[in-house]
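Below: one structure, written as structure tokens.
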Amino acid sequence: MSSLMLDRALDAILRRVKNLDRNHDIPYLAGYSQDGKTIYIDRHLPKTFTFRGRTVEVDRFLILHEEVEKTLIDQLGLHYLHAHQIATRAEEAAVHAQRITWKAYDRFMQKYVKAIGDERLTKVPDDLDLKPYRDYHDYDLLRQMEQHMERVKGAGAKEKTELKRYADAFREELRIQHRHELHDDPPSDKRRKPAAKKPGAAKVKPSKPIKATSKRRSTAKATK
């Protein structure tokens with residue numbers, strides 16, 4: 001992999017971003033508008049951090065993640081879990097291309113994460129795309145549905161297959177998260193749209209009402 005080519009590709013993606021908004025509170029640090037025209041980065045996240053004496057700008061890495069994730073969901077129809085994994089790998093590659101360790105980068109990010117239910121979420125944009133938060137954090141509900149469908153004789157094969165596919169994706173995500181917890185401090189995939197949301201989390205309290213969300217995915221915008 002060429003670090004130079006990856007950096008050029010990232011520059012090309014950044015030039016396509018129509019609007020970058022840093023004036024709101026965003027769960028898991030970053031997100032995007034429903035139409036994909038705006039990338040949101042949490043207003044309290046510093047724009048830079050220091051790594052081995054260097055000042056590193058972080059917006060470019062978050063923008064890359066969100067743009068890749070949104071495109072995979074909207075254009076290819078990927079489930080959020082799958083899109084988030086690919087976007088995270090792209091983000092990690094871009095970080096490494098700048099000779100920055102993922103552990104240091106993620107440790108910095110973790111300091112500013114706001115999960116669903118965080119009392120600091122007081123200014124959430126009205127058009128924030130809520131799909132990632134719904135898709136990821138209903139794992140407990142998904143398991144209940146899976147168990148119920150196994151008991152129902154009339155359940156269609158197509159529905160069972162689709163549900164099993166989503167359940168398998170959730171299990172894989174949790175397996176990866178657990179692996180990170182064993183080897184990293186803090187867990188590298190805990191962040192954003194995704195890391196581990198807990199079933200009884202309180203609802204977000206935005207400045208203006210937004211549609212109700214299911215308890216956001218427990219990852220990390222991941223299941224971004």
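Only one entry in I73, I116, I39, I100 is at pLDDT 95 or above and within 13 Å of the chain's Cα centre (by Cα), namely I39.
Of R8, R52, all but one fail to be open to solvent by 40 Å² or more (accessible area, probe 1.4 Å) and at positive phi; the exception is R52. The one condition from (1) open to solvent by 10 Å² or more (accessible area, probe 1.4 Å); (2) at pLDDT below 95; (3) under 20 Å from K114 (Cβ atoms) that I26 does not meet is (1).
Are any residues in the stretch 28-65 closer than 20 Å to R120 by Cα and in a loop (DSSP other than H, G, I, E, B), and if so, which ones? Those that are closer than 20 Å to R120 by Cα and in a loop (DSSP other than H, G, I, E, B): Y28, L29, D42, R43, H44, L45, P46, K47. Which of the residues belonging to the stretch 80-106 are part of a loop (DSSP other than H, G, I, E, B) and more than 15 Å from L10 (Cβ to Cβ)? Scanning the stretch 80-106 gives a single hit, T101. For beta carbons closer than 9 Å, sequence separation of 6+ or different chains, a first residue in the stretch 107-126 that is open to solvent by less than 70 Å² (accessible area, probe 1.4 Å) and assigned to a helix (DSSP H, G or I) and a second that is basic (K, R) and modelled with pLDDT under 90, the qualifying pairs are M109/R191; M109/R192; Q110/K190; Q110/R191. From the list Y32, Y80, the lone residue that is modelled with pLDDT under 95, under 15 Å from the mean Cα position of the chain (by Cα) and at negative phi is Y80.
The values are calculated or read from the model by the stated rules, or taken from the named source; none is laboratory data. Just so it is clear, the structure is predicted and the values come from calculations on it, not from any experiment. In this analysis, Cβ positions are derived from the backbone assuming ideal geometry, glycine residues included, and neighbour counts consider all displayed protein chains. These area figures cover heavy atoms from the full protein model, side chains too; ligands, DNA and RNA do not enter into them. Shrake-Rupley method; radii C 1.70, N 1.55, O 1.52, S 1.80 Å.
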